[in-house]
Amino acid sequence: MSETENQTRNAKELCHWADLQADRIIKQKGDLDLYTCASGITPSGTVHIGNFREIITVDLIVRALKDRGKNVRFIYSWDDYDVFRKVPANMPKPEELEKYLRFPITMVPDTFGRDENYARHHERDIEMQLPRVGIHPEFLYQANRYRENRYAEGMKKALQQRDLIKWCLNNYRDEQHKMKESDEYWPVSVFCSKCNKDTTQITGYDGEWGLSYKCDCGNEETGDLRSFKGFKLGWRVDWPMRWNEEKVVFEPGGKDHISPGGSYDTAKLVSKKIYGWDAPITMKYDFVGLKGIPGKMSSSKGKVISLVDALTVYQPEVLRYIFAVNKVDHEFAISFDLDVITMYEAYDRTERIAWGIDKAKNDDIFLHEKRVYELSQIENGMPAVMPYQIGFRLLTTLLQTYSGDIDAVIASLADVKDEQRECLVRRCQCAWYWVTECAPEDFKFALRLDGSKASLDETETKAVVQIRDTVIPVMDECETDKDLQQKIYDIATGLGMQPKALFTTMYHVLVDKDQGPRLASFMRIIGKEKLEKILSVY
């Protein structure tokens, strides 16, 4: 195959929205030695699955750039030198946290008692989970960088050109919200060296490195930008300053930031006019909701699902799939109800198409499904071996039949290869958690293995005994579930029972419920030995 043909083939295969964005970055920024892609957040509370959308959006585009042979740096900034403004609703010891309002987040204690401070607790929560979904950014801690005075020059530029920044900020504001010419504007805020709060007011600047302030606590002093630890740029200037510092060429934003005249447009002006850096390519991503709960997730309101919460129900590949299959500018909701089964079925269908087991309607659909599948994997690309496919719904039945014993379930499948086991175990763990913690009650069951009996009338008892004595011994001879089901129908007919009534009786006998999984297939899953034990008391 010639090099041109190879490039054409690759171009057709790289057809995801992340690929289109990667092409746009290369086209607009040119051929670079290094493409720096950025994301970040203030760890002011639980980093939730809505925040994860930005992280995985960058990861997908990082993968797309790497698939084009580009050298890529993925940085994730913890804006942990931001102000602690509000105690989130889901934090322990809120009365203790209240004492630290207006402090830098890194100076707030971790009331969970695990980490050195509040910010580090929330940072660590996400840092420990991201490798599970195949995301490995380089983490930057902004509190450390400010305290190391890395941004002294950037703050100096901002202070010296604060009138120009004021113009940039006003540029997209309507008359009602513009700063007046007489309004004093300072791009730098101060954490007091005595009380640690930002309840401060700048009182003077010497034009070089000296910045003076006074605090509500009574402290007044002049600090040097090159050594004082408490100076920090306001975020609308801090953001573009760091674009230049890190040479960022791509960073996405939520629709609230990327809307026309929003913070990105302002930052773009500041970046070019103050720091001489062309703003990174951006793209808008929409919010992620929780099914049944209106509005977007909010850490401050305590209405969140964390990444670890999501991974208890969705195996990593399926969680990545949810974000990869949805267009980035479309809102969607994470669901923990019966939609979980539908999502696993959609992923499995994509997997079968990618591996050529199912045929796509046309080549374009095949290439798109395969690309979505590749980007959904923990390690980018096709796995070495096709994972073992078992439907999520069936898996919940198997797990409940075996009382949650994953090893026993896998042993019952017989044809699982060693290299398929790890991925299958992850699916089993998610299925067991879902069926025990999230599924509707009519989905849950436990076999009667304790010798207890259902309350049956004479005809029902006769039917159960006949099934035990005449059907169970020949179960293995039934080629299909339909054949087995017919034998149960025949017993009902012979005793003058409605088949539905006998099915209900069998569910009472097996799981003490009015209904359950399809009876014939369910009996096969339970197996002769357990069925004989359950029915032996009649």
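The values are calculated or read from the model by the stated rules, or taken from the named source; none is laboratory data. Not measured: the values here are computed from a predicted model. Neighbour counts are summed over all protein chains in view; Cβ atoms, including those assigned to glycine, are modelled from backbone coordinates with ideal geometry. Only protein heavy atoms, including side chains, enter the accessible area calculation; ligands, DNA and RNA are left aside. Shrake-Rupley method; radii C 1.70, N 1.55, O 1.52, S 1.80 Å.
Residues are listed down the side, and each one gets a yes or a no for (1) modelled with pLDDT under 95; (2) open to solvent by 30 Å² or more (accessible area, probe 1.4 Å); (3) touching a Gly at 6+ places or on another chain (Cβ under 9 Å):
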{"position": "Tyr433", "(1), (2), (3)": "no, yes, no"}
{"position": "Pro440", "(1), (2), (3)": "yes, yes, no"}
{"position": "Asp450", "(1), (2), (3)": "yes, yes, no"}
{"position": "Thr461", "(1), (2), (3)": "no, yes, no"}
{"position": "Gln466", "(1), (2), (3)": "no, yes, yes"}
{"position": "Val474", "(1), (2), (3)": "yes, yes, no"}
{"position": "Glu477", "(1), (2), (3)": "yes, yes, no"}
{"position": "Thr480", "(1), (2), (3)": "yes, yes, no"}
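Can you find, within the stretch 401-437, the residue that is nearest to the chain's Cα centre (by Cα) among those that are of a type in the set (S, T, N, Q) and under 24 Å from Leu319 (Cα atoms)?
Keep residues of the stretch 401-437 that are of a type in the set (S, T, N, Q), which gives 401, 403, 412, 420, 429, 436.
Retained after the next criterion (residues that are under 24 Å from Leu319 (Cα atoms)): 420, 429, 436.
On the way: Gln420: 24, Gln429: 18, Thr436: 22 Å.
Looking at residues that are of a type in the set (S, T, N, Q) and under 24 Å from Leu319 (Cα atoms), I get Gln429.
Looking at Val47, Val133, Val62 in this structure, which one is buried (at least 22 other Cβ atoms within 10 Å of the Cβ) and out of contact with any helix residue (DSSP H, G or I) (no Cβ under 7 Å at 6 or more places or on another chain)?
Numbers: Val47 fails: out of contact with any helix residue (DSSP H, G or I) (no Cβ under 7 Å at 6 or more places or on another chain); Val133 fails: out of contact with any helix residue (DSSP H, G or I) (no Cβ under 7 Å at 6 or more places or on another chain).
Just one listed residue meets the conditions, Val62.
For the stretch 6-39, the set of residues classified as at pLDDT 95 or above, under 28 Å from Leu311 (Cα atoms) and open to solvent by 20 Å² or more (accessible area, probe 1.4 Å) consists of Trp17 only. Of all the residues in the stretch 80-121, those that are in a loop (DSSP other than H, G, I, E, B) and open to solvent by less than 30 Å² (accessible area, probe 1.4 Å) number 12. Among the residues of the stretch 491-538, the one identified as open to solvent by 60 Å² or more (accessible area, probe 1.4 Å) and of a type in the set (Val, Ile, Thr) is Thr493.
The requirement of being farther than 24 Å from Gln429 by Cβ, modelled with pLDDT of 95 or more and assigned to a loop (DSSP other than H, G, I, E, B) is fulfilled somewhere in the stretch 362-373, by at least one residue. Name the residues in the stretch 389-429 that are open to solvent by 20 Å² or more (accessible area, probe 1.4 Å), polar (S, T, N, Q) and closer than 19 Å to Ala346 by Cβ, would you? Passing the criteria: only Gln389. Selection within the stretch 362-385: residues that are more than 23 Å from the chain's Cα centre (by Cα) and open to solvent by 40 Å² or more (accessible area, probe 1.4 Å). The member of this set that is farthest from Asp19 (Cα to Cα) is Val385. A single entry from Gly261, Gly207 fulfils the requirement of being part of a loop (DSSP other than H, G, I, E, B) and at pLDDT 95 or above: Gly207.
From Glu181, Glu138, Glu221, Glu208, which residue is closer than 30 Å to Ser259 by Cα, of a type in the set (D, E, K, R) and touching a residue at least 24 places away in the same chain (Cβ under 8 Å)? If you could, list the steps in order and put the result at the bottom.
Numbers: Glu181 fails: touching a residue at least 24 places away in the same chain (Cβ under 8 Å); Glu221 fails: closer than 30 Å to Ser259 by Cα; Glu208 fails: closer than 30 Å to Ser259 by Cα.
Matching residue, one of Glu181, Glu138, Glu221, Glu208: Glu138.
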